[in-house]
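Quick note: the coordinates plus some simple rules give every number you see, no bench work behind them. Please read these numbers as outputs of a predicted model, since none were measured by experiment. Positions of Cβ are backbone-derived with ideal geometry, glycine not excepted, and every protein chain shown enters the neighbour counts.
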There are 2 protein chains.
Amino acid sequence: MPARGKSWMGEESARLPQGFRAAGVAAGIKRTGGRDMALIVTAPPATAAGVFTTNQVRAAPVKLDIEHLRGGVASAIVVNSGCANACTGLRGLRDARRTAECAGRLLGVAPRRVLVCSTGTIGVPLPMDRVEAGLLALVAALSPDGGPAVSEAILTTDTRPKRWSVAFRVRDRLVRLTGFCKGAGMIEPNMATMLAFFLTDADVPRPALQRLLKAAADRSFNRITVDGDRSTNDTALVLANGASGVMLAPGRPGWAAFEAAFFETACELARMIVRDGEGATKLITIRVRGARSDREADLAARSVANSLLVKTAWAGPNANWGRVVDALGYSSARVVEERVSIWFDDLRAVVRGAPGPATREALQRVVGRPEFTVDIDLGLGRGRAEVLTCNCTEEYVRINM
Amino acid sequence: MPARGKSWMGEESARLPQGFRAAGVAAGIKRTGGRDMALIVTAPPATAAGVFTTNQVRAAPVKLDIEHLRGGVASAIVVNSGCANACTGLRGLRDARRTAECAGRLLGVAPRRVLVCSTGTIGVPLPMDRVEAGLLALVAALSPDGGPAVSEAILTTDTRPKRWSVAFRVRDRLVRLTGFCKGAGMIEPNMATMLAFFLTDADVPRPALQRLLKAAADRSFNRITVDGDRSTNDTALVLANGASGVMLAPGRPGWAAFEAAFFETACELARMIVRDGEGATKLITIRVRGARSDREADLAARSVANSLLVKTAWAGPNANWGRVVDALGYSSARVVEERVSIWFDDLRAVVRGAPGPATREALQRVVGRPEFTVDIDLGLGRGRAEVLTCNCTEEYVRINM
């Protein structure tokens, strides 16, 4: 088994897996200017799978993609930032459909093979004239080196592009996998205002691809939180075009490496999202054990990870473990104060409900780090869970005002 | 039926109901200085009732008060701000007990007739030497005009004292009711880091008093949110000492006026808490109707009222009704996008899932007001609920860092 999990660096990482071309342009949709439309195209057509927001209010492109994915094959993905095309009624659905039709016409593929994603302000209609002009420019700019332009064009309040690429060999043939995503705000369980795209030149049967994407999302994007708000547009898509000539499926050679590569890519992208959370300056892992069940561990971890008082304290930086205990106490998980122990990295802040040996100053030094882990033992059972979160700074408020 | 709901103004409002004396002093517990201990004393002893935080982690004084209230009679309340005496283990409980004992000794009453409340930082032990010195100073300063000093001494990050007084006549006898409270942060359903004290010179049987306090809390303190965090110390207490010579009970003359006065006092105090939420500059009423049940209406209203993205948008001021729809969509209430209508005061922002006639600018003017109401019709049933919330500003983050 080869170079599994090895990420490409520098020039190499700009290259898309075989058979993919992409572009990103400025179409004038984002008020702040800059690239705001992206196009990813694959020839041959790819096996496609997707997972979407659990919000009951779904943006028009989400509804369209669910419909288009029934076919299981896709040739292109069109993305715009700056406008979410959510809460836009029938007009929104018509606009999403027209975007797919226009891209299909320009690329010579059936519109149902075009997937559409939008992210940005809710409740504003897509400026279709700009979208159509943007599509023309995108088709003209398509290139195997278009990855960086895509990762830039899909951003909203993100401060940096998020991309991760891995490659590995199966019987001397190279398989590539590249992931792009955008995140920033409205990041909570079951995805977020986030878009993620996975492109691979492996050939993977549809059911296995769908299961893999779901499993990867559960381990990565569904375990992060920035502000507890879940969006209307969350979408993760995977396209597997088989251009490498390598057929991968569960139980066959190379599948374990592919699965590991996919999980690595999803987890790295998820970490980038939290690290680049709106106004965030710290990446914090909340690890709960000793809950009555995994589900209760998850509830406890999320209660802490989403507590505004905890997140602002850590911006201080101030460990303020009292707020952690408080958030555990109001979670839906069973918590018995006298059983709770808490560590900040290796320092014992709370031992069975009472202040531990770590001094305030020592704890403050841990919380001052750009990354730290809060380990919580509820002392009641064997349930475990882990959630990634960030601190909450004044900058978060400024961004969202 | 007389002057029901009429609040006293100016000099008058400083006066406590008959038989009560109070004081507030600086005992050196609060790091920021100023008054941080209060004492309320009643002779004759009062019928007493209380409601407490639903957090599974309860501060030591909460545990003590639940024990002391079993007797149903109280002579005094001791309050300190600056230290919550929460997550302080056995030592915390010992300290709370010692506070009651010390106050009882100084006042010549049984310690079990003394109630103790703390608010402030979690996880730090009470400085008992200062508490005991403070008690000495408090007893020396007791006065029927001590109300303002109490309302000041119980504050933490509040910017102003919160007090409301009403009086009414029953058969030519005057009955008085005064409420004090503190709020600021960690304000969520089922109380908050809030303390509230109701004092009346009416004579009210214990069961009626307990039911009235619970009903009033459900209509007031349990319908407000500042940041979605629930505290370990929330306490509302009522003392009814009968010094007015007026006996009040359900079904008897004057009860309706008393009930109305109690609800008014609780609701006014709750509004003051939200209006003075940490960093808050606006008071917003979220009113949901058309939910499948009252419970779902409540879930939907709280989802909006607690959405950090909604609250920061309103700090803008920016109506951003898309974020409201988004928060409804991820609430646990059933929401069908095409049925949702939203008003900001009298402006129609969303009509059955699509943008309404109100312009962005007009909506912005509403959200610019210091108070406004967001009416949400889910169009699915007859469930209703109302929650008060505030905007979230950079100041909130600064305060809690």
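Across the residues of B:325-336, average count of Cβ atoms on other protein chains within 10 Å?
Counting Cβ atoms of other protein chains within 10 Å of each residue's Cβ and averaging gives 6.
Of all the residues in chain A, which one has the C-beta that comes nearest the axis relating A to B, and what is the distance in Å?
Measuring from each Cβ to the axis, the minimum is at A:GLU394, 2.
Net charge near A:CYS181, counting Lys/Arg +1 and Asp/Glu -1 over other residues with Cβ under 13 Å of its Cβ?
+1
Name the residue from B:VAL238, B:LEU90, B:PRO61 whose Cα lies farthest towards the positive end of the charge dipole of segment B:10-275, charges +1 on Cβ of Lys and Arg and -1 on Cβ of Asp and Glu.
With unit charges placed on the Cβ atoms, the residue in question is B:LEU90.
Hey, rough spin-label estimate for B:ARG98 and B:ARG171, points 7 angstrom out along Cα→Cβ, what's it come to in nanometres?
4.9
Taking a temperature of 37 °C and a viscosity of 0.692 mPa s, what whole-number D in µm²/s does Stokes-Einstein yield for segment A:332-401 with Rh from Kirkwood over alpha carbon pairs?
For the chosen part, D equals 235 µm²/s.
Let me check against my output: what whole-number percent is the relative contact order of chain A, with C-alpha pairs under 8 Å and at least 6 apart?
17
Compute, for the protein assembly as shown, the length of the dipole vector about the Cα centre, with Cβ point charges of +1 (Lys, Arg) and -1 (Asp, Glu) only. Units Debye, rounded to 20.
Here the protein assembly as shown has a charge dipole of around 1180 debye.
For every other residue with a beta carbon closer than 12 angstrom to the beta carbon of A:GLU371, add +1 if it is Lys or Arg and -1 if Asp or Glu, then tell me the sum.
The answer is +3.
Given the protein assembly as shown, report the % of alpha carbon pairs whose separation exceeds 39 Å.
For the protein assembly as shown, the share of Cα pairs beyond 39 Å comes to 43 percent.
Within segment B:362-396, which trypsin sites (Lys or Arg not before Pro) sit in a loop by DSSP and count at most 12 neighbouring Cβ atoms inside 10 Å?
B:ARG382
Taking K and R as +1 and D and E as -1, what net charge do the other residues with C-beta under 10 Å from the C-beta of B:PHE52 add up to?
0
On a C-alpha basis, how far is the centre of segment B:302-355 from the centre of segment A:16-89 in Å? Whole number, if you could?
Going from one Cα centre to the other spans 25 Å.
Please list, ordered by chain and number, the residues whose modelled amide H lies under 5 Å from the amide H of B:ASP234; skip anything fewer than 5 residues away on the same chain.
The list, which skips near neighbours in sequence, is B:THR53, B:ALA192, B:MET194.
In this model, which of B:LYS30/B:LYS311; A:LYS30/A:LYS182; B:LYS214/B:LYS311; A:LYS30/B:LYS282 are farther than 25 Å apart at the alpha-carbon?
Checking Cα-Cα distances, B:LYS30/B:LYS311; B:LYS214/B:LYS311; A:LYS30/B:LYS282 exceed 25 Å.
At a Förster radius of 30 Å, what calculated FRET efficiency corresponds to the Cβ-Cβ distance of B:ARG365 and B:VAL336, to the nearest 0.05?
So, using R0 = 30 Å, E works out to roughly 0.50.
Across the residues of A:123-133, average count of Cβ atoms on other protein chains within 10 Å?
Mean number of neighbouring Cβ atoms from other chains: 2.
Given the options A:ARG112, A:ARG219, A:ARG94, which has the most mean-square fluctuation in a GNM of chain A, springs set between C-alpha atoms less than 10 angstrom apart?
A:ARG94
If each label sits 7 angstrom from Cα along the C-beta direction, how far apart, in nm, is A:SER332 from its counterparts in the other copies?
0.4
Volume per residue, Å³, of the convex hull around the alpha-carbon atoms of segment B:25-92?
Roughly 106 Å³ of hull volume per residue.
Search the structure for amide H atoms under 5 Å from the amide H of A:ARG348, placed 1.01 Å from N in the peptide plane, and list their residues when 5 or more places away or on another chain.
A:ALA358
Over chain B, one equal point on each Cα, no solvent: what is log10 I(q)/I(0) by the Debye formula at q = 0.07, 0.09, 0.12, 0.13 Å⁻¹?
-0.34, -0.55, -0.92, -1.04
Kindly point out which whole DSSP H helices in chain B project their C-alpha atoms 24 angstrom or further along the helix axis while averaging a Kyte-Doolittle hydropathy of -0.5 or above.
B:89-107, B:255-275
Mind listing the label-point distances from B:ALA26 to the same position on all other copies, shortest first, one decimal in nm, points 7 Å along Cα→Cβ?
Inter-copy label distances (nm, one decimal, shortest first): 5.8.
For segment A:283-400, state what percent of all Cα-Cα pairs lands in each successive 10 Å bin, counting from 0 Å until the bin that includes the largest distance.
Here the calculated profile for segment A:283-400 is 16, 50, 29, 5, 0.
Give me the one-decimal nm value for the distance between modelled label points at B:ALA140 and B:ALA260, 7 Å along each residue's Cα-to-Cβ direction.
In this crude spin-label approximation the distance works out to 4.6 nm.
Return the single residue from B:LEU155, B:LEU142, B:LEU269 with maximal mean-square fluctuation; model: Gaussian network over chain B, springs between Cα atoms under 10 Å.
B:LEU142
Taking a label point 7 Å out from Cα toward Cβ, give me the nm distances from B:ARG252 to the same spot in the other copies, shortest first, one decimal.
8.5
Considering only B:PRO370, B:ALA76, B:LEU135, whose Cα is most displaced toward the positive end of the charge dipole of chain B, charges sitting on Cβ of Lys, Arg (+1) and Asp, Glu (-1)?
B:ALA76
Over segment B:283-400, what is the relative contact order in percent, taking alpha-carbon pairs closer than 8 angstrom and at least six residues apart?
Computed value for segment B:283-400: 46 percent relative contact order.
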